[in-house]
Amino acid sequence: MAANLGEGLSDANGGSVRHIPVLLDGVLKALEPQAGKVILDGTFGAGGYTRAILDAGADVIALDRDPNAIAGGQSMVDEFNGRLTLNHTEFSALADFAPEGGLDGVVLDIGVSSMQIDEAERGFSFQRNGPLDMRMSSSGVSAADVVNRAKVSDLIRIFGFLGEEKHSGRIARAIEKRRLSEPFQTTRDLANLIETVNPRKAKDKIHPATRVFQALRIFVNDELGELAWALFAAEQALKPGGRLVVVTFHSLEDRIVKKFFSERAGKASGSRHLPMVEARKATFEPVGKGMVAASEEEAELNPRARSAKLRAGIRTTAPPEKPDMAIFDLPDLATLEKIGG
Ligand SMILES: C[S@@+](CC[C@H](N)C(=O)[O-])C[C@H]1O[C@@H](n2cnc3c(N)ncnc32)[C@H](O)[C@@H]1O
């Protein structure tokens, strides 16, 4: 996570990676970790949140879909001697890890890690040339598969919705033309084509390929679907009084979290797929007065914290609602299964 970087700090294992967990104070305040509590950290990453929660006295069940994050965290598992378990899995499956009686807290810090971005081989970045991959779990459909196989109409929708790219049609058609003669293999290759189609202007703050890369990363890792299913899973897995804390870096993700909490707060709701429905019993009450953002000092120290948003809720005694993706009003995009063939 580019924003979680700072100079000269140590990582969860006492190593010297430059890592600053984003909105850590707000996360701890909202989670209230203490001895006797069991908290699930669905996004272990470099273990920044996990270490702080363990230091506060709670036990941690940590998950990450990235095999490298799991390998990197093994020394921390040894260090905390039975108080930390580390599991290689998607956080949408978090309910499978809840102890009998439920969890006291769930925290999710959505997005990619600095380790993922920094390693050219993972293919997340066009600043560092590497294979066009972007899979956090290193398995399944890669970004190259999507770019080389998806129908143009699917690429247009992926770039337009997940990247909010204005030139999605022009870029998708140029990709189709080019891949006929030579499939895309590297991050630079794709970035160069996008720059040809959509040259950078002096006033542009970001590289012309940024939005397409973001869209591909979100699509390849099904980031919105994973988040939505994790929220439903947390509703099932938290005990009454348990806390759900979610940090996002992207408006599409924040919208999902905001919709979930407002829907679960028992307010009446409707969507383009659902008629207006009457208020139900709240399954979550808000923690604090809504969204928490980084202070000026944190944003200064850690540029990516500028886009971070924290939302949190406390589980009530009401039974969980039936999961229903329609509440998020997400558009129909091609599925990874369809592209994987
Ligand atoms: C922003 S980093 C987390 C940083 C962590 N809070 C820390 O303080 O070190 C996000 C991590 O979540 C993992 N991740 C993202 N989506 C996931 C998912 N659906 N299931 C499990 N892990 C996921 C990524 O592999 C990455 O390691």
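Is it the case that ASP133 is part of a helix (DSSP H, G or I) and either under 17 Å from the mean Cα position of the chain (by Cα) or not aliphatic (A, V, I, L, M) (or both)? Spelling it out, it is not the case that ASP133 is part of a helix (DSSP H, G or I) and either under 17 Å from the mean Cα position of the chain (by Cα) or not aliphatic (A, V, I, L, M) (or both). The single condition among (1) crowded, with 18+ Cβ neighbours inside 10 Å; (2) within 22 Å of ARG128 (Cβ to Cβ) that ASP204 does not satisfy is (1). The condition of being under 20 Å from the mean Cα position of the chain (by Cα) and free of Cβ contacts under 8 Å to residues at least 24 places away in the same chain holds for ASP25. Criterion first (basic (Lys, Arg), more than 9 Å from the ligand (Cβ to nearest atom) and crowded, with 23+ Cβ neighbours inside 10 Å) does ARG128 satisfy it? Considered against the rule, which asks whether it is basic (Lys, Arg), more than 9 Å from the ligand (Cβ to nearest atom) and crowded, with 23+ Cβ neighbours inside 10 Å, ARG128 comes out as no. Highlighted here are the strands (runs of 3 or more DSSP E) found entirely within segment 55-115 that include at least 3 residues which are touching a Leu at 6+ places or on another chain (Cβ under 6 Å) and either within 13 Å of the ligand (Cβ to nearest atom) or farther than 14 Å from ASP41 by Cβ (or both): 59-64. Within segment 33-48, not a single residue is part of a helix (DSSP H, G or I), away from the ligand (no atom under 11 Å from the Cβ), in contact with a strand residue (DSSP E or B) (Cβ under 7 Å, 6 or more places away or on another chain) and of a type in the set (A, V, I, L, M, F, W, C).
Flag: ARG170 does not match the condition of being among the basic types (Lys, Arg) and more than 24 Å from PRO199 (Cβ to Cβ). Mind checking whether some residue in segment 216-234 is β-branched (Val, Ile, Thr) and either at pLDDT 95 or above or closer than 23 Å to GLN127 by Cβ (or both)? Within segment 216-234, one or more residues are β-branched (Val, Ile, Thr) and either at pLDDT 95 or above or closer than 23 Å to GLN127 by Cβ (or both). Residue pairs whose Cβ atoms lie under 6 Å apart, separated by 6 or more positions or on different chains, with the first residue in segment 37-65 and closer than 18 Å to PHE91 by Cα and among the small types (Gly, Ala, Ser) and the second in a helix (DSSP H, G or I) and near the ligand (Cβ under 8 Å from one of its atoms), are GLY42/PHE91; GLY45/ALA69; ALA62/THR50.
Condition check: in a helix (DSSP H, G or I), more than 8 Å from the ligand (Cβ to nearest atom), out of contact with any helix residue (DSSP H, G or I) (no Cβ under 8 Å at 6 or more places or on another chain) and within 19 Å of MET115 (Cα to Cα). Does ALA30 satisfy that? Considered against the rule, which asks whether it is in a helix (DSSP H, G or I), more than 8 Å from the ligand (Cβ to nearest atom), out of contact with any helix residue (DSSP H, G or I) (no Cβ under 8 Å at 6 or more places or on another chain) and within 19 Å of MET115 (Cα to Cα), ALA30 comes out as no.
The set of residues in segment 131-162 being within 11 Å of the ligand (Cβ to nearest atom) and touching a Ser or Thr at 6+ places or on another chain (Cβ under 8 Å) consists of ARG135 alone. So for segment 162-184 (the condition being touching a Pro at 6+ places or on another chain (Cβ under 7 Å), surrounded by 15 or more Cβ atoms within 10 Å (Cβ to Cβ) and in contact (Cβ under 8 Å) with a residue 12 or more places away in the chain), does at least one residue qualify? Looking through segment 162-184, none of the residues is touching a Pro at 6+ places or on another chain (Cβ under 7 Å), surrounded by 15 or more Cβ atoms within 10 Å (Cβ to Cβ) and in contact (Cβ under 8 Å) with a residue 12 or more places away in the chain. Of the candidates SER137, SER153, SER125, SER113, the single residue that is hydroxyl-bearing (Ser, Thr, Tyr) and without any contact (Cβ under 8 Å) to a residue 24 or more places away in the chain is SER153. A single entry from ARG65, ARG51 fulfils the requirement of being of a type in the set (Lys, Arg), surrounded by 21 or more Cβ atoms within 10 Å (Cβ to Cβ) and under 22 Å from ALA233 (Cα atoms): ARG65.
Quick grid of which residues meet (1) in contact with a strand residue (DSSP E or B) (Cβ under 6 Å, 6 or more places away or on another chain); (2) assigned to a helix (DSSP H, G or I); (3) not assigned by TED's automatic domain parsing to the domain that holds GLU100:
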residue	(1), (2), (3)
PHE161	no, yes, yes
ARG178	no, yes, yes
LEU190	no, yes, yes
ILE194	no, yes, yes
ARG200	no, no, yes
PRO208	no, no, yes
ARG211	no, yes, yes
ARG243	yes, no, no
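The values are calculated or read from the model by the stated rules, or taken from the named source; none is laboratory data. All values reported here derive from a predicted model rather than from experimental measurement. Here the Cβ is made from the backbone with ideal geometry for all residues, glycine too, and neighbour counts use every protein chain on show.
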